[in-house]
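Here is the structure we will look at.
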Amino acid sequence: MVATDDEPLIAENPEIPMEHRIQGFDRVRAFTRDPEASRSFLAETLEFTQSGETGFEARGEQRGGRYLYDVTDQAGIPGAGTVHHVAWASTPEEHEAWRERVLEGGGRPTPVIDRFYFKSIYFREPSGVLFEIATMGPGFTTDEPLETLGEHLSLPPDFEHLRDQVEPVLTPITNPRDSWAAR
């Protein structure tokens with residue numbers, strides 16, 4: 001593990017003692033036959049810094065993330081226990097510029113996809129891993145106040161017409177705030 005000055009992103013939960021709360025991820029590990037195939041794309045296009053023989057670091061103004069390859073000859077099999085994609089954050093103002101950089105670097109990004117709560121672009125880096133660059137806003141308080149966030153099912157406007165199909169198949173959950181307030 002590499003030590004950084006990054007402030008941990010610790011979720012508040014009174015049911016989990018502070019020392020047992022997740023404080024972040026040390027790195028993302030990807031499997032590839034040829035990490036060299038992605039080296040210039042990660043370093044030049046995405047401005048990752050090389051860290052070790054098969055590792056890279058993406059660093060922003062407030063925090064960073066590490067990306068490491070494990071070399072293998074086995075093909076990946078998607079399914080339970082695997083990760084679908086790796087997401088990276090962008091400010092809304094820089095988002096389109098990141099899409100252009102990926103295009104200029106030889107990548108094939110999707111158009112900007114409006115997810116209502118954030119915007120995303122997707123592309124595969126040369127080793128085949130699916131990357132998402134998502135904006136850090138506008139956020140989940142776009143359509144409900146923070147004080148009542150999560151008390152009912154909110155759907156983006158493009159999916160509201162599916163409410164009658166979605167709600168009956170969801171597993172009911174208990175609002176954790178109810179138990180926290182009792183403490």
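How many percent of DSSP beta bridges within the chain run antiparallel, rounded to 5? Antiparallel bridges: around 60 percent, rounded to the nearest 5. Over all other residues within a Cβ to Cβ distance under 9 Å of F131, the charged ones net out to -1, with Lys and Arg as +1 and Asp and Glu as -1.
Remark: spin-label model distance M136-E151 equals 2.9 nm, labels positioned 7 Å along the Cα→Cβ axis.
Exactly which GluC sites (Glu not before Pro) in segment 10-39 are in a DSSP loop and have at most 11 other Cβ atoms within 10 Å? Passing both the DSSP loop test and the Cβ count: E12, E15. When only alpha carbons of segment 141-182 are considered, Rg and Dmax amount to 12.4, 37 Å. For segment 57-131, applying the loop criterion from DSSP together with a ceiling of 16 other beta carbons within 10 Å to the GluC sites (Glu not before Pro) yields E61. Ranked by how many other Cβ atoms sit within 10 Å of their own Cβ, fewest first, the residues R115, R99, R63 fall in the order R115, R63, R99.
Seen against the Cα atoms of the chain and their longest principal axis, helix 95-104 is set at about 30 degrees. Taking only the C-alpha atoms of segment 62-174, Rg followed by Dmax gives 17.5, 50 Å. Given in Å, the Rg to one decimal and the Dmax to the nearest whole number for the Cα atoms of segment 1-138 are 16.1, 48. Inter-label distance, R63 to R177: 2.3 nm, where each label sits 7 Å from its Cα along the C-beta direction. For G137, nonlocal amide neighbours, meaning residues 5 or more places apart or on other chains whose placed amide H falls under 5 Å from its own, are K119. Helix-only arithmetic for the chain: the sum of -39500 (n - 2.57) across DSSP H runs with n ≥ 4, divided by the residue total, places the mean residue ellipticity at 222 nm at -3000 deg cm²/dmol. Peptide packing for 154-161, 65-72 was compared via the average number of neighbouring C-beta atoms within 10 Å per residue; ordered from the highest value, the list is 65-72, 154-161.
Each Lys or Arg adds one and each Asp or Glu takes one away; over the other residues whose Cβ falls under 15 Å from the Cβ of R21, this sums to -4. Summing +1 for each Lys or Arg and -1 for each Asp or Glu among the other residues whose beta-carbon sits under 9 angstrom from that of A30 gives -1.
All of the numbers you see were taken from the coordinates with simple rules; none came from a lab. Predicted model only: the values in this text are computed from it and were never measured. Neighbour counts are summed over all protein chains in view; Cβ atoms, including those assigned to glycine, are modelled from backbone coordinates with ideal geometry.
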